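Read through the structure below, which is laid out as structure tokens, and then see the notes.
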Amino acid sequence: MGKAVCNTSAAPLRREPNHRSEMVSQMLFGESADVLGTAGHFLKVRMDYDGYEGFVHYTQLSAITDEEFSSRPTAFFTDLFGYVPSGSGSVMISMGSEIASPHPAEVIPATHESIARTAILFLNTPYLWSGRSVFGIDCSGFMQIVFKIHGLLLPRDAHKQAGEGTVLDFIEESLPGDLAFFEDEEGNIVHVGMMLEDQRIIHAYGKVRIDLLDSSGIFNVDLNKHTHRLRFVRRLL
């Protein structure tokens, strides 16, 4: 049925075609998708970036022809947030949005240090289930967007991200930018965070915050207790 691009800061991608349905992810400004069908005022889409599917309200998408899509010059927005012109005003956008650019898309070189520096920019961003922006973000959306602007594609969900890279034998081997994964009582991967120096971890839990990691898991310095049980640490670079 054609292509569409997100025309607002962050459009909810919902499980069902109504505003009360669970948000399963977000489309950021400029991100594109295949339109798979219509359901009332909603369009069912498959995102080009990560293949995620869901329903977006038609007002938050703009149709684009295949020719326009193949020729549009875009770049990833690498500041934490900013504004771009749109219609008669401007739109506030978040890191990882896709913007018009006369130059070939450039990404920030991916090193352990550069990825960790980018993650720290999100400190105190509020937690939002299925969020992918500085306006609200979840644990796996946080990791995905940080890696996106460094030119690295991560799956949307933590349990799929847990299949990337190689497992470290000991957490003491971890470097900034490595990802730590956490499990529930049934052994399901339910949380992810990024290692920093000195066995600290940055993750989205209530807000994007920095805590300590030991062999048991995340030790929340505010609550004075462990909050997440460690499964393993993986190196993606």
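What the table shows:
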quantity: Elements of type strands (runs of 3 or more DSSP E) in segment 16-72, at least 3 residues being within 22 Å of the chain's Cα centre (by Cα), under 24 Å from VAL146 (Cα atoms) and of a type outside the set (D, E, K, R); calculated: 23-28
quantity: Complete set of residues in segment 37-93 that are surrounded by 14 or more Cβ atoms within 10 Å (Cβ to Cβ), farther than 30 Å from ILE108 by Cβ and of a type in the set (Ser, Thr, Tyr); calculated: TYR58
quantity: Candidates GLY206, GLY217, filtered to the one that is among the small types (Gly, Ala, Ser) and surrounded by 16 or more Cβ atoms within 10 Å (Cβ to Cβ); calculated: GLY217
quantity: Elements of type strands (runs of 3 or more DSSP E) contained in segment 123-237, each with 1 or more residues being of a type in the set (Phe, Trp, Tyr) and under 19 Å from SER25 (Cα atoms); calculated: 200-205
quantity: Residue in segment 93-103 that is part of a helix (DSSP H, G or I) and either at positive phi or among the hydrophobic types (A, V, I, L, M, F, W, C) (or both) present; calculated: no
quantity: Criterion: more than 26 Å from PHE81 (Cβ to Cβ) and small (Gly, Ala, Ser) - qualifying residue of GLY151, GLY136, GLY165; calculated: GLY165
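A quick yes/no check of all residues on (1) modelled with pLDDT under 95; (2) touching a helix residue (DSSP H, G or I) at 6+ places or on another chain (Cβ under 6 Å); (3) within 14 Å of CYS6 (Cα to Cα):
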| residue | (1), (2), (3) |
| --- | --- |
| TYR49 | no, no, yes |
| PHE55 | no, no, yes |
| LEU61 | no, no, yes |
| THR74 | yes, no, yes |
| THR78 | yes, no, no |
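The values are calculated or read from the model by the stated rules, or taken from the named source; none is laboratory data. Note that this is a predicted model, so its numbers are computed, not measured. Methodologically, a virtual Cβ is constructed for each residue, glycine included, from the backbone with ideal geometry; neighbour enumeration extends over all protein chains shown.
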